[in-house]
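The next block holds one structure in the form of C-alpha cells; read it before the comments.
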Amino acid sequence: MSQNAKAEDFKLEAQAPENKGPIDGADLFIETLKRENVEVMFGYPGGAVLPLYDALYKNPIRHILARHEQAAIHAAEGYARVSGKPGVVLATSGPGATNLVTGITDAMMDSIPLVVFTGQVATGVIGSDAFQEADVIGITMPITKHNYQVRSMEDLPRIVHEAFHIATTGRPGPVLIDIPKDIAQSVGEVKFVDELNLPGYQPNFKPNSLQVKKLRSALAQAKKPVILAGAGVLHAKASEELLQFVEKMQIPVVNTLLGLGGFPSSHPLFLGMGGMHGTHTANKALYEADLLINIGARFDDRLTGNLAHFAQHATVAHIDIDPAEIGKNVPTQIPIVADAREALKKILSLDFEAPKADEWRAILEQDKVENPLWNTEGGDGISPQALMKIIHEITEGDAVVTTDVGQHQMWTAQYYGFNKPDQWVTSGGLGTMGFGFPSAIGAQIAKPDKTVVAVAGDAGFQMTLQELGLVAELKLPVKIIVYNNMALGMVRQWQETFYEERYSQSLIPVQPDFVKLADAYGIRGYVVQTEEEAEKVMRETLKDNEPVLIDCRIKPKEMVYPMIAPGKGLHEMIGVKPQ
Ligand SMILES: Cc1ncc(C[n+]2csc(CCOP(=O)(O)OP(=O)(O)O)c2C)c(N)n1
Ligand SMILES: [Mg+2]
C-alpha cells in the first residue's frame with residue numbers, strides 16, 4: 001500500500017470526530033498540528049524530517065522556510081510574542097536541531113511558548129553516532145520546559161496535545177518533541193486525545209486568600225509603595241487590570257525590560273524601566289520603597305543590581321505563576337502564586353485601602369524632573385536617542401518594535417515609549433545578538449497589517465542577515481533600522497568605562513555596504529548620516545507596505561546612560577545628569 005493511499009484513507013477517517021488509523025506517523029503529525037489550530041510553522045528540512053515534509057506537501061500548513069534554523073526559531077518567538085499563540089518550529093536532526101539551541105534557550109529564559117519538533121535518526125541506530133545524530137533530548141533537557149522523544153507513533157497525538165498545553169499554560173516556555181525517522185514512517189491505528197492526564201503539572205492560577213489579605217494590610221500601612229511589573233503581566237494579559245489597580249491605589253509603576261508595554265509609559269504614575277540602564281527615578285523608587293509589589297518579574301540581576309542593597313527597606317510581595325521564582329533571589333514576605341490577571345482581578349474585587357503615599361509620589365515626581373534621561377549634544381553622527389524619538393513619532397508609538405542586544409536595545413527600551421502590550425519584542429534573559437531581525441519577521445507574519453520595525457545593531461544584524469532572502473521572498477514590509485556605530489557598541493562602552501579604553505576586539509572598522517546588501521536581495525536600502533536625513537527617509541518609507549533597510553550612522557562614542565556598574569546597588573547609578 002502506498003503512503004498516498006494511507007493518507008487518503010486517513011483523511012476520510014479524519015472527518016469523523018473519533019478518527020482512527022491506519023495512518024503513518026508523518027501524516028499523523030500534520031493532523032495533530034491541525035487539531036491544535038496551528039496556522040503557521042517555521043522550519044528547515046533535512047534527511048531525518050523528509051517524511052514529515054512530504055506529509056506537509058500533501059496536506060499543507062503554512063510553512064516559512066527560513067535561511068537558517070536559528071532564524072526560524074527567533075521568528076517563531078517573535079510570532080508567539082505578538083500573537084499570543086505558540087510558535088511552532090520544525091528542524092532536522094543533528095545540525096538542524098543544534099542550530100535551534102540558542103533560540104530554545106532564549107525562549108526558556110523569556111517564557112515564550114514554543115513547540116519545537118526535531119527529526120531524529122531511526123530508533124534502531126540511536127546511540128550509534130549515526131549520520132546527523134545528536135542527543136537532542138540530552139542537549140535540550142535544561143533549556144526546555146519539557147521534552148519528549150516519540151518512541152511509538154501511537155503516542156504522537158497524546159504527546160503533541162500535552163506539548164501544546166505545557167508550552168502555553170502556567171509559565172509559558174519551549175517544549176521539544178524529537179521524532180525518529182522510522183516513527184514518522186511507521187503505520188498504525190491511532191486515537192486522538194482531547195483529555196490530558198498530567199498529575200505532576202497543575203499550575204496554580206488562583207491566588208491564596210490569606211496572602212491577598214496580607215497584601216491588603218501591607219498596602220494600608222505603606223507610605224512608599226511601588227509596583228514592579230514584568231513580562232508576567234503581558235503573558236497573563238493583565239495590563240487592563242494592572243492599570244485599574246494602579247489608578248485605584250495611586251501606586252507608582254516601574255517596568256522591567258521585558259515588561260515594557262504592560263503599563264502605558266505615558267501614564268503619570270510610570271517611573272520608567274528599572275535596573276542597569278533604567279531611569280534614576282525607577283531605581284530610586286525600588287531602592288527606597290517600603291512596599292515592593294512584584295507582578296510577574298523574576299528579579300533578574302540586571303534589574304536588582306547588587307542584591308545586598310536591593311529593596312532593603314521594603315516588605316516584598318511577589319505575584320508569580322511560577323512558585324520557583326518566588327524567594328529565588330529576593331526574600332519575600334508575601335508570596336502569591338497565581339496568574340497575574342487572576343490575582344489582580346481578585347484584589348480589585350476586594351475593598352482595598354489605598355496607601356497614604358502623597359509625599360512619596362511628590363518626591364518621585366520631583367526626581368523625574370531633576371534626573372531625566374539625557375544625551376550628549378553635538379558631535380559627528382546621529383544621536384541614537386533622538387533617532388528613537390523620530391521613529392516613535394513617525395510610527396505614532398504604535399509599531400511592533402524588535403531589537404538585537406546591545407546599546408541600541410537599551411536606547412529603544414528607554415526612548416521608544418511603549419504604551420500597549422505586545423508591541424515589544426526583545427531578547428531579555430539570554431541577550432541574544434541576531435534576535436532582532438528574524439523575530440521581526442515572525443512578528444510581521446503574526447500581524448501583517450502592523451508596522452514592524454527591527455532595530456538592529458550593526459554587529460547583531462550580521463549574525464542573521466541572511467533572512468533578507470526570506471523578507472524578499474515573502475515581500476514582508478519589515479522596516480530594518482541598523483543602528484550603525486561601527487562597533488560592538490555595548491562591549492566598547494564597558495571597555496571604555498571599566499577597562500581603561502582598551503578596545504579589545506570591539507571595533508569593526510570595515511562594515512559591509514548595507515545598502516548594496518539590501519539591493520542584492522531586491523530590497524530598498526538607504527544610508528543616513530544626519531537626523532534630518534533619517535527623518536526624511538523614514539517619513540517616506542516607514543509607513544508604506546514594502547521592506548526597507550536604513551543604515552543609520554549614529555554617534556560612534558555615544559554611551560547608554562544612566563548605568564549601574566556591575567556589583568553596585570540601585571542607589572549607585574553613574575551617568576546621571578541632574579537638570
Ligand atoms: C550571540 C552573542 N554574542 C555576544 C554577545 C555579547 N554582546 C552583547 S552586546 C554586544 C555588542 C553588540 O553590537 P551591536 O549589535 O552592533 O549593537 P550595539 O551595542 O553597537 O548597539 C556583544 C558582542 C551577545 N549578547 N550575544
Ligand atoms: Mg554596533
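The values are calculated or read from the model by the stated rules, or taken from the named source; none is laboratory data. Bear in mind that the values here come from a model prediction, so they are computed numbers and not experimental data. Cβ atoms come from the backbone with ideal geometry, glycine included; neighbour counts cover every protein chain shown. Quick note on the areas: whole protein, heavy atoms, side chains included, nothing else; ligands and nucleic acids left out. Shrake-Rupley method; radii C 1.70, N 1.55, O 1.52, S 1.80 Å.
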## Note on the structure
Considering the stretch 448-468, residues that are open to solvent by 10 Å² or more (accessible area, probe 1.4 Å) and away from ligand 2 (no atom under 11 Å from the Cβ), and then whichever is nearest to Ser427 (Cα to Cα), we arrive at Met463
### Task
Select the helices (runs of 4 or more DSSP H) contained entirely in the stretch 126-195, then report the ones holding at least 2 residues which are touching a residue at least 60 places away in the same chain (Cβ under 8 Å).
156-168, 181-185
### Query
Mind checking which residues of the stretch 54-85 are open to solvent by less than 30 Å² (accessible area, probe 1.4 Å) and outside any helix (DSSP H, G or I)?
Asn59, Ile61, Ile64, Ala66
### Message
Can you find a residue that is touching a Phe, Trp or Tyr at 6+ places or on another chain (Cβ under 6 Å), open to solvent by 10 Å² or more (accessible area, probe 1.4 Å) and more than 19 Å from Ile30 (Cα to Cα) anywhere in the stretch 106-122?
### Response
no
### Message
Anything in the stretch 471-502 that is more than 10 Å from ligand 2 (Cβ to nearest atom) and buried (at least 24 other Cβ atoms within 10 Å of the Cβ)? List them, or say none.
### Response
Val471, Val478, Lys479, Ile480, Ile481
### Message
Condition first: buried (at least 20 other Cβ atoms within 10 Å of the Cβ) and assigned to a loop (DSSP other than H, G, I, E, B). Now tell me which residues in the stretch 384-400 satisfy that.
### Response
Thr395, Ala399
#### Entry: Selected residue (criterion: nearest to Leu176 (Cα to Cα)) from residues of the stretch 123-143 that are in contact with a Gly (Cβ under 8 Å, 6 or more places away or on another chain) and open to solvent by less than 70 Å² (accessible area, probe 1.4 Å)
Ala134
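Scan the stretch 401-424 for residues that are within 16 Å of ligand 1 (Cβ to nearest atom) and not in a loop (DSSP other than H, G, I, E, B) and report the count.
Selection size over the stretch 401-424: 12.
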### Query
Which condition breaks for Pro225 when tested against (1) more than 22 Å from Phe299 (Cβ to Cβ); (2) buried (at least 18 other Cβ atoms within 10 Å of the Cβ); (3) outside the structural domain of Ala107 (by TED's automatic domain parsing)?
(1)
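Condition check ((1) charged (D, E, K, R); (2) closer than 26 Å to Ser217 by Cβ; (3) open to solvent by 50 Å² or more (accessible area, probe 1.4 Å)) across all residues:
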residue: Ala308; (1), (2), (3): no, no, yes
residue: Ile321; (1), (2), (3): no, yes, no
residue: Thr332; (1), (2), (3): no, yes, no
residue: Lys345; (1), (2), (3): yes, yes, yes
residue: Phe352; (1), (2), (3): no, yes, no
residue: Gln366; (1), (2), (3): no, no, yes
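Conditions tested, residue by residue: (1) open to solvent by 80 Å² or more (accessible area, probe 1.4 Å); (2) out of contact with any strand residue (DSSP E or B) (no Cβ under 6 Å at 6 or more places or on another chain); (3) acidic (Asp, Glu).
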position: Phe514; (1), (2), (3): no, no, no
position: Gly525; (1), (2), (3): no, no, no
position: Lys536; (1), (2), (3): yes, yes, no
position: Glu540; (1), (2), (3): yes, yes, yes
position: Pro547; (1), (2), (3): no, yes, no
position: Cys552; (1), (2), (3): no, no, no
position: Pro562; (1), (2), (3): no, yes, no
position: Lys568; (1), (2), (3): yes, yes, no
### Message
List the residue pairs whose Cβ atoms are under 7 Å apart, where the first residue sits in the stretch 236-257 and is within 30 Å of Gln407 (Cβ to Cβ), the second is polar (S, T, N, Q), and the two are 6 or more positions apart or on different chains.
### Response
Leu257/Thr426
### Message
Please determine whether any residue of the stretch 424-442 is on the phi > 0 side of the Ramachandran plot and either away from ligand 2 (no atom under 16 Å from the Cβ) or among the hydrophobic types (A, V, I, L, M, F, W, C) (or both).
### Response
no
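Restrict the check to the stretch 395-416 and report whether at least one residue is small (Gly, Ala, Ser) and in contact with a helix residue (DSSP H, G or I) (Cβ under 8 Å, 6 or more places away or on another chain).
Yes, the stretch 395-416 has at least one match.
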#### Entry: Those residues of the stretch 242-294 which are open to solvent by less than 20 Å² (accessible area, probe 1.4 Å) and in a strand (DSSP E or B), in sequence order
Val253, Val254, Asn255, Leu271, Gly272, Met273, Leu291, Leu292, Ile293, Asn294
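Anything in the stretch 185-208 that is closer than 17 Å to Asp320 by Cβ and hydroxyl-bearing (Ser, Thr, Tyr)? List them, or say none. Step through it out loud before you land on a result.
Kept after step one, since they are closer than 17 Å to Asp320 by Cβ, are these residues of the stretch 185-208: 201-208.
Hit for the stretch 185-208 is Tyr201, nothing else.
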### Query
Tell me, which residue of the stretch 24-37 that is without any contact (Cβ under 8 Å) to a residue 60 or more places away in the chain and out of contact with any helix residue (DSSP H, G or I) (no Cβ under 7 Å at 6 or more places or on another chain) is least open to solvent (accessible area, probe 1.4 Å)?
Lys34
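Yes or no: the stretch 484-497 includes at least one residue that is out of contact with any Asp or Glu (no Cβ under 6 Å at 6 or more places or on another chain) and more than 15 Å from ligand 1 (Cβ to nearest atom).
Step one: of the stretch 484-497, the residues out of contact with any Asp or Glu (no Cβ under 6 Å at 6 or more places or on another chain) are 485-497.
Subset that is more than 15 Å from ligand 1 (Cβ to nearest atom): none.
For the stretch 484-497, residues out of contact with any Asp or Glu (no Cβ under 6 Å at 6 or more places or on another chain) and more than 15 Å from ligand 1 (Cβ to nearest atom): absent.
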### Query
Filter the stretch 436-483 for residues that are among the hydroxyl-bearing types (Ser, Thr, Tyr) and within 11 Å of ligand 1 (Cβ to nearest atom); which is farthest from Leu549 (Cα to Cα)?
Thr464
### Message
Suppose we filter the stretch 523-577 for residues that are more than 25 Å from the chain's Cα centre (by Cα) and among the β-branched types (Val, Ile, Thr); how many remain?
### Response
9
